[in-house]
1. Among the numbered criteria (1) crowded, with 20+ Cβ neighbours inside 10 Å; (2) under 27 Å from residue 339 (Cα atoms); (3) touching a helix residue (DSSP H, G or I) at 6+ places or on another chain (Cβ under 6 Å), which single criterion is violated by residue 86?
2. Scan region 35-68 for residues that are in contact with a strand residue (DSSP E or B) (Cβ under 6 Å, 6 or more places away or on another chain) and either within 30 Å of residue 16 (Cα to Cα) or without any contact (Cβ under 8 Å) to a residue 12 or more places away in the chain (or both) and jot them down.
3. Where in region 79-195 are there helices (runs of 4 or more DSSP H), lying wholly inside it, with at least 3 residues that are over 28 Å from residue 209 (Cα atoms)?
4. Residues of region 340-368 being surrounded by 13 or more Cβ atoms within 10 Å (Cβ to Cβ), part of a helix (DSSP H, G or I) and more than 26 Å from the chain's Cα centre (by Cα), which ones?
5. Return yes or no: is residue 28 within 25 Å of residue 331 (Cβ to Cβ), at pLDDT 95 or above and more than 19 Å from the chain's Cα centre (by Cα)?
6. Give all pairs with beta carbons closer than 8 Å in which a residue from region 330-341 that is without any contact (Cβ under 8 Å) to a residue 40 or more places away in the chain meets a residue that is crowded, with 21+ Cβ neighbours inside 10 Å and in a helix (DSSP H, G or I); count only pairs at least 6 apart in sequence or on separate chains.
7. Can you name every residue in region 264-320 that is without any contact (Cβ under 8 Å) to a residue 40 or more places away in the chain and either in contact with a helix residue (DSSP H, G or I) (Cβ under 7 Å, 6 or more places away or on another chain) or surrounded by fewer than 16 Cβ atoms within 10 Å (Cβ to Cβ) (or both)?
C-alpha cells in the first residue's frame, strides 16, 4: 500500500532509501529500486498528482518542456514499465539530425540508417514522463510517498549510522541511504555542504512550441549562430499541421527584446534565425526563458548520501543530453544498490556508493566537457577558427566510421 504523507507524524519512520525529489530522476529511481526488498520513501515538495495530458494537438497544448530521450534511456523506461504509457500518449521519433554553422558552409547530417537503428531518439513531453513514472510509483507496495511537503532539514545521525530527515509537516524520517534528486538547486546538496564547480554562461534559453509551414521530416535541426545554438525538435502533428519544440540559446542581452515581441514579430525573427528551413513559423505558444549555468559536484557521494541527475551535474542543453545522463545515474545507482544487497552491503555503505560514483563521474564529465567545448567553439568569430570548424564539420560528415561512432555515443549504445 502506498502511504501519502499529508499530515504530521510524531514518530520517526525508518526506511532503507529516502529519495528527495519526485521529478523524472527521483521517480525513476524509486521505480527502479521497487521490488528489491527495500523500504523506500519518496519526498516531494509539490503535490504528487499525475499531470493532465491534453488529447488535442495544437500549438498551445504541448508541454514547453521536452526531453530528447536516447534509445538507451528508452530501454530503461521500458524496463521500469513507464515507456508504454508515454508512447501511447504521444512522442515523436527523430530519425535524422541536421546540424549546420550559420557562419559558413559547414554542416553534418546524421541518419539512423547509418547505424541500423529505428531512431536516433525520441522527443517526449516532460509531463508525460513524470505521469508515467508516478503511475509506476503509485503501483509499488514498497514505496511510501510524502507529497506536497518540503524538506526542512537533513543531517547525519552518527550513532544510528543513518540519515535523518525532518519534513515541513513535522514528519521525521531515518534512512540508510539519502538520495538527492531535487534538481539543479538541490537543497540536500546545499544542506550537506557538497562542493560544486560552476559557472554562468551569460546565456538564457528561450523555449516554446511552434507551428511551421512544412513537415519536420522526423528530423532534429540545429543551427549554430554566433549568439548561441537554435534547435527545432520534431513533435507529433495532425493532418496539415506541423509542430516543433524550440530551444533557442541566446546571449543574455538579446533575450528580453525577443520575449517582448508580439507573436508575429517573434515568429518572423525565429524563422529568419532558422533560415526558414521548414517554411514560415506560423504560430507559437507562450515563451519561457531560463538561465544557462554549468554545475558539477566535486563528489557525488558522502557516507549514506548520493546525488543524481541535476543535483550532481547540469549541462548546456545544446545536445539534449541532460536528462539522459540523469537517467543513467539512476540506472547505475540502482544496479550498485542491488549488487550491494547481494553481497550483504546496505544501500548507504561507502563501498556501494563509491562504485556508483566511479562509473558515472567520468562519463558525465566527458559529456559536459564536450558540450562546453562545442558551445565555446561556435561562439568564436575569428575567421581562421570559423574556417577550421567548417572544414572540421564537413570532414566528420565524410568519415563514416567516425560519424557512426559519434552517433552511437550520443545514442548511448556504445
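The values are calculated or read from the model by the stated rules, or taken from the named source; none is laboratory data. Just so we're clear, the structure is a prediction, and the values are computed from it rather than from any experiment. Note that each Cβ is placed from the backbone with ideal geometry, even for glycine, and that neighbours are counted across all protein chains shown.
1. Failed condition: (2).
2. Of everything in region 35-68, those that are in contact with a strand residue (DSSP E or B) (Cβ under 6 Å, 6 or more places away or on another chain) and either within 30 Å of residue 16 (Cα to Cα) or without any contact (Cβ under 8 Å) to a residue 12 or more places away in the chain (or both) turn out to be 38, 39, 40, 41, 42, 43, 44, 47, 48.
3. 126-138, 187-191
4. Answer for region 340-368, where residues must be surrounded by 13 or more Cβ atoms within 10 Å (Cβ to Cβ), part of a helix (DSSP H, G or I) and more than 26 Å from the chain's Cα centre (by Cα): 340, 341, 350.
5. It is false that residue 28 is within 25 Å of residue 331 (Cβ to Cβ), at pLDDT 95 or above and more than 19 Å from the chain's Cα centre (by Cα).
6. Sorted first by the residue in region 330-341, then by its partner, the pairs are 332/356; 332/360; 336/352; 336/353; 336/356; 339/352; 340/352.
7. Across region 264-320, the qualifying residues are 264, 265, 266, 268, 269, 272, 276.
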